[in-house]
Amino acid sequence: MNDAVAALREVDFGYADRPRIFHGLNFTLREGEQIGLYGPNGSGKTTFFRLMTGLEKPQKGGLFFHGIPVAGEADLHRLRCSIGFVVQNSDDQLFSSSVLEDVAFGPLNLGMNKKQARERAMNALSSLGIESLADRPPHKLSGGEKKLAALASVLSMQPEALLLDEPTMFLDEASREKLAYILKGQTITRIIISHDGEFLRETCTSFMRITPNGSVAVTQAFC
């Protein structure tokens with residue numbers, strides 16, 4: 001439970017022509033943690049995820065994976081295979097002609113053959129109770145179905161940890177409740193960004209807020 005999966009150390013980051021978002025940021029994601037991340041719009045929550053997955057490079061400080069600095073493409077590949085990032089807009093994550101093809105895409109990139117990738121994909125879909133969607137075109141899915149298909153596409157990689165960015169966005173109440181139920185049944189290490197405090201309380205065991213000065217603190221209470 002105390003093993004560090006990934007960490008940011010003394011990170012400074014800001015976009016060009018904008019105020020700096022983070023200054024001296026330190027954060028460690030440990031095995032088994034299930035953190036709910038919240039904060040005002042524009043505070044840097046999605047940027048934090050992009051830093052954690054190496055999609056943004058800090059101006060100062062660094063990203064570590066199991067205590068080792070992430071220094072090149074090979075390091076980034078290992079990290080991204082182990083830390084699954086489910087983005088806000090599911091359409092950005094679903095691009096194939098069928099859900100099964102999308103979910104099998106990651107395992108194929110891991111070097112599996114088509115049969116192995118299909119089996120891994122079907123296992124991921126079954127774990128979420130959406131195996132019936134396997135042959136459906138992603139563009140014909142509901143918002144809730146797209147969210148679950150995108151989650152399955154990440155789970156098929158069997159990552160160590162999940163980063164979920166606003167997973168309840170655009171979901172109706174029934175889809176939101178189904179997603180919460182599924183996540184509560186997943187023991188995987190995770191961080192969930194959401195403005196939905198009740199959803200975070202249902203699916204997380206600790207909480208983190210990004211403040212306007214770019215600092216973070218993990219607490220046991222949502223406040």
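The values are calculated or read from the model by the stated rules, or taken from the named source; none is laboratory data. This is a predicted model, so every value here is computed, not measured. Here the Cβ positions follow ideal geometry from the backbone for every residue, glycine too, while neighbour counts run over all protein chains shown.
Can you name the residue in segment 182-212 that is farther than 23 Å from Arg50 by Cβ and of a type in the set (Lys, Arg) and, of all such residues, is surrounded by the most Cβ atoms within 10 Å (Cβ to Cβ)?
In this case the residue turns out to be Arg201.
Can you find, within segment 36-72, the residue that is surrounded by the most Cβ atoms within 10 Å (Cβ to Cβ) among those that are of a type in the set (Phe, Trp, Tyr) and within 20 Å of Ser194 (Cβ to Cβ)?
The extreme case among them is Phe48.
Take the residues in segment 123-151 that are of a type in the set (A, V, I, L, M) and closer than 18 Å to Leu183 by Cα; name whichever of them is farthest from the chain's Cα centre (by Cα).
Ile130
Mind telling me which of the residues Arg201, Arg190 ends up being of a type outside the set (A, V, I, L, M), touching a residue at least 60 places away in the same chain (Cβ under 8 Å) and more than 26 Å from Ala104 (Cβ to Cβ)?
Arg201
Determine, yes or no, whether Ser206 is of a type in the set (Ser, Thr, Tyr), in contact with a helix residue (DSSP H, G or I) (Cβ under 9 Å, 6 or more places away or on another chain) and within 20 Å of Gln220 (Cα to Cα).
The answer is no for Ser206.
Considering only segment 159-181, how many residues are surrounded by fewer than 17 Cβ atoms within 10 Å (Cβ to Cβ) and either of a type in the set (S, T, N, Q) or without any contact (Cβ under 8 Å) to a residue 60 or more places away in the chain (or both)?
6
Test each condition in (1) under 17 Å from Leu94 (Cα atoms); (2) in contact with an Asp or Glu (Cβ under 8 Å, 6 or more places away or on another chain); (3) touching a residue at least 40 places away in the same chain (Cβ under 8 Å); (4) not charged (D, E, K, R) for Leu151 and report the one that comes out false.
(2)
Quick test of your reading of the structure: Ala71 fulfils all but one of (1) at pLDDT 95 or above; (2) in a loop (DSSP other than H, G, I, E, B). Name the failing condition by number.
Going through the list (1) at pLDDT 95 or above; (2) in a loop (DSSP other than H, G, I, E, B), Ala71 breaks only (1).
Can we say Asp75 is touching a strand residue (DSSP E or B) at 6+ places or on another chain (Cβ under 8 Å), acidic (Asp, Glu), free of Cβ contacts under 8 Å to residues at least 24 places away in the same chain and surrounded by fewer than 20 Cβ atoms within 10 Å (Cβ to Cβ)?
Yes; evaluated as a whole, the condition is true for this residue.
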